[in-house]
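So the structure is just underneath, and the comments pick up after that.
The values are calculated or read from the model by the stated rules, or taken from the named source; none is laboratory data. The structure presented is a predicted model; accordingly, all values stated were derived computationally and were not measured. Virtual Cβ from ideal backbone geometry, glycine too; neighbours counted across all protein chains shown.
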Amino acid sequence: MSITTATGGIVPTGAIANELNAITRRGFIPTLVVQIYNSTPTMACLFDNAQTAYGGISSLTVPVQGNPMTTTQSIDFSGNFAQPPEVQGIYDAELNLCGVGTPIQFLGAEAALQLDHTIINRLEAKKNDAVNSAVDYMSYGLFNNYTDTQQMTGFPGAIDDGTNLVTYATINRTAYPFWQAYVKNAGSTNPTRQSVMANITGLMKNCGGEKPQFGVCGAGTWQLLADDFIGLESYQITPGSSFDKSEDGAQSAFTALMVSGVPVYVDITCPEGTIYFLNTNYTNLYVHDQASFGFTGFQSLVGNYQLGYVGLVLTYLQLVCAKPKANARIYGYNYINL
C-alpha cells in the first residue's frame, strides 16, 4: 500500500501544495504507535513469576514421586507386622533450556542519516520490537508447540495425558499414569458455570483435592462463558442515591469470570474452544539467569565487507510442569466468532 501526502483541510492542492511541501517541515507526532503484536497475559504472568535456571546437561531436573515408598498396615496386640517391600517411588523429570534469539542489524548509513535529525530513533524502535517479537513468538509456542524440541514445550505437551506427547520430561505417561494431566473433551457444548465447575471439580479429584490458581481461554470461548453470567446480573441502588452519584458509576460485566473461586481470564493466543486450568505451585517458567532478554552487544560487520553492526536479544527458557495432573486441558467447547 502506497502512502501519499495527506491533502484536504487547510492543506491546498496543486502548485501551491507542491511549493509548501518543498519548503515546509512535516508536523510529526514524536511517538511510534505499534500496530502489531498481541497482549499476552498468560506469558506475562509466567514471566512475572519465573524461576531462575542455570547451566548443565538436563539443566532443569525435578525429582518427582510417582509411587508409594512405604506401606501402611494394621498391627495387632502382639505388635507383629509384615516385612515392607522396597519400591522405587522417585523419578527424575528432565528438561533442557531452549533458546530464543532476535537479531538486530544496524547499518552505518542509517546512523549517518539519523544523526541530529531523529524524530523516531530507528535503532531504539528495533530494540523495542525485538522484545515484542520474542514475547509474541514465545506466547504462540506456549499454546501450540509440543512437537518442535528446539522450542519451549507448550501447554499442549506439558498439560497432556499422552494424546499429544507420550513422553514428557523423559517420563513416559503410558508407563507412569501419575504423569498424566486432566484432559477432557467437552463434546461441542457451550461453556457454562455448571460445566466449568464440573471441570474444576474433576481436576481436583484427579490431583488429590488441589484447586488450580486460574483458568485461561480464547476470547470467543470466554465470551460464551460470560454470557452465562451476564444475564444474572443485578444492580443494587442505595436508597436516596443513584448511579450518577457513585464515583465509578454502574459496574457491569467482569474482568475475570470467577467459578468456584477460580478466575477464568481471556488470552487471545489460546486456541478457541479450549480452557487451560493452571496450578502455579507446579507449573512455572524457568529462565536462565544470564540470558533473560539479554543483549549480546553490537559486533562489526566490516569483516563481512559491510558497513554496519549486528546484535542479538537472547533468552534461554523452558516451561516446567512438575505435576501435570494438577493442571487441566478442557477442549471441544463451542465458542463465538467475534
Output for the range 296-319, where each listed residue is modelled with pLDDT of 95 or more and of a type in the set (Phe, Trp, Tyr): Tyr316
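Kindly evaluate Asn38 against the criterion of being within 18 Å of the chain's Cα centre (by Cα), part of a loop (DSSP other than H, G, I, E, B) and not β-branched (Val, Ile, Thr).
Yes; evaluated as a whole, the condition is true for this residue.
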From Pro63, Pro41, Pro30, residue being exposed (fewer than 10 other Cβ atoms within 10 Å of the Cβ) and in contact with a strand residue (DSSP E or B) (Cβ under 9 Å, 6 or more places away or on another chain): Pro63
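Report, by residue number, each residue of the range 185-214 that is among the aliphatic types (A, V, I, L, M) and under 13 Å from Lys325 (Cα atoms). Before you say what the answer is, go through the steps one by one.
To start, the set of residues in the range 185-214 that are among the aliphatic types (A, V, I, L, M) comprises 186, 196-198, 200, 203-204.
Hits for the range 185-214 are Ile200, Leu203, Met204.
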Among residues of the range 230-280, those that are modelled with pLDDT of 85 or more and either surrounded by 10 or more Cβ atoms within 10 Å (Cβ to Cβ) or over 27 Å from Val183 (Cα atoms) (or both), counted: 23
Among (1) more than 20 Å from Ser59 (Cα to Cα); (2) of a type outside the set (A, V, I, L, M); (3) touching a helix residue (DSSP H, G or I) at 6+ places or on another chain (Cβ under 7 Å) - the single one Gly79 does not satisfy: (3)
Meets criteria (in a strand (DSSP E or B), closer than 30 Å to Phe229 by Cβ and within 21 Å of the chain's Cα centre (by Cα)) for Ile268: no
Test: residue in the range 297-308 that is part of a strand (DSSP E or B), of a type in the set (A, V, I, L, M, F, W, C) and either free of Cβ contacts under 8 Å to residues at least 24 places away in the same chain or surrounded by 14 or more Cβ atoms within 10 Å (Cβ to Cβ) (or both): no
Residues located in the range 82-128, provided they are of a type in the set (D, E, K, R), surrounded by 12 or more Cβ atoms within 10 Å (Cβ to Cβ) and either within 30 Å of Arg173 (Cβ to Cβ) or free of Cβ contacts under 8 Å to residues at least 12 places away in the same chain (or both): Asp92, Glu94
Among (1) farther than 22 Å from Leu142 by Cα; (2) out of contact with any Ser or Thr (no Cβ under 8 Å at 6 or more places or on another chain); (3) touching a residue at least 24 places away in the same chain (Cβ under 8 Å); (4) assigned to a helix (DSSP H, G or I) - the single one Lys205 does not satisfy: (3)
Qualifying helices (runs of 4 or more DSSP H) (wholly inside the range 60-175; at least 1 residues being small (Gly, Ala, Ser), at pLDDT 90 or above and within 30 Å of Cys207 (Cα to Cα)): 122-144, 155-158
Sole residue being within 25 Å of Tyr182 (Cβ to Cβ) and hydroxyl-bearing (Ser, Thr, Tyr), chosen from Tyr309, Tyr331: Tyr331
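Can you name every residue in the range 207-220 that is more than 23 Å from Val266 (Cβ to Cβ) and buried (at least 20 other Cβ atoms within 10 Å of the Cβ)?
Passing the criteria: only Cys207.
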Residues of the range 44-59 classified as assigned to a helix (DSSP H, G or I) and surrounded by 10 or more Cβ atoms within 10 Å (Cβ to Cβ), total: 4
Within the range 309-338, tally of residues that are assigned to a helix (DSSP H, G or I) and more than 16 Å from Leu165 (Cβ to Cβ): 1
